[in-house]
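Below you'll find the structure, written out as structure tokens, and then a few comments.
Since every read-out is calculated from the coordinates, none of them should be taken as a lab result. Everything numeric in this text was worked out from a predicted model, so none of it was measured. As a convention, Cβ positions derive from the backbone with ideal geometry for all residues, glycine included, and neighbour counts pool all protein chains shown.
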Amino acid sequence: MKLKKMFSILLISAGLMTVSLSAFADGAVTNSEVTPQVSGLGDTRATALDIFPGSDYNLFLETATDEDWFKWTNNTGAPKLVYSRAYNKGSENVIVLGAILQYTPTIESTMIYANPTEKNNSNRPSTFDLLYIPAGTTVFFKVQAKEFVKLESYRYQFLVQDIN
């Protein structure tokens, strides 16, 4: 667990440093020249990145077969409702969000999919809203390309809500 926390801190630190601009930057870099700085993280369910309530990430799918996996375990002692959203920030790719709920180490749901994003519409995410997560359940989310045209970024958000 300590190694995972250190790895997460390293990843966040690296991400913060990559978005820092030089005082002498002339703004000549275009979006088409931006390339991902980290590859291979969270690309399988076994290496899914731990996420926390309130998470908001800007990531890339590098190829048509690239997948990004995230996981959250409801260790709050009470059932929760979650929001998981993937927004395509580009205009050409279509992405889709999937989820698997693991109730125990031997009992889990099949993969369920949200509606995919739309081309040229960054305001229409692939989303799970109010997904019920029982106490003790781990949920895995997968972001993948339904239609991949070129390298484009996407935004991933994760929120948790109490059931009143």
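What are the ³J(HN,Hα) couplings of the stretch 93-103, residue after residue, when phi is run through the Karplus curve with 6.51, -1.76, 1.60 and θ = phi - 60°? Round to Hz, x for glycine and proline.
Calculated HN-Hα couplings, in order: 7, 10, 10, 9, 9, x, 8, 10, 9, 9, 7 Hz.
Non-local amide H neighbours of Glu118 (under 5 Å, H modeled in plane, Pro and chain starts lacking H): which ones?
Excluding prolines and chain starts, which carry no amide H, the hits are Arg124.
Quick one: which residues, 5+ away or cross-chain, put their amide H under 5 Å from the amide H of Asp50? H built at 1.01 Å from N.
Lys71
For the stretch 42-162, treating each Cα as an identical point scatterer without solvent, what Debye log10 I(q)/I(0) comes out at q = 0.18 1/Å?
For the requested q values the scattering log ratios are -0.87.
Please arrange Ser122, Ser84 by counting, for each residue, the other beta carbons lying within 10 Å of its beta carbon, fewest first.
Ser122, Ser84
Under the rule of at least 5 residues apart or a separate chain, name every residue whose amide H is placed under 5 Å from the amide H of Asp43.
The list, which skips near neighbours in sequence, is Trp69.
Where does the charge balance sit around Gly42 when Lys and Arg score +1, Asp and Glu -1, over other residues with C-beta under 11 Å from its C-beta?
-2
For the stretch 42-162, compute the number of Lys pairs whose alpha carbons are separated by less than 14 Å, excluding pairs fewer than 8 positions apart on the same chain.
Counting lysine pairs in the stretch 42-162 gives 5.
Just name one of Asn74, Tyr132, Ile95: the one whose Cα is farthest towards the positive end of the charge dipole of the stretch 42-162 (beta-carbon charges, Lys/Arg +1, Asp/Glu -1).
My answer, from the dipole projection, is Tyr132.
Among 52-63, 142-153, what's the highest-first ranking by average C-beta atoms within 10 angstrom per residue?
142-153, 52-63
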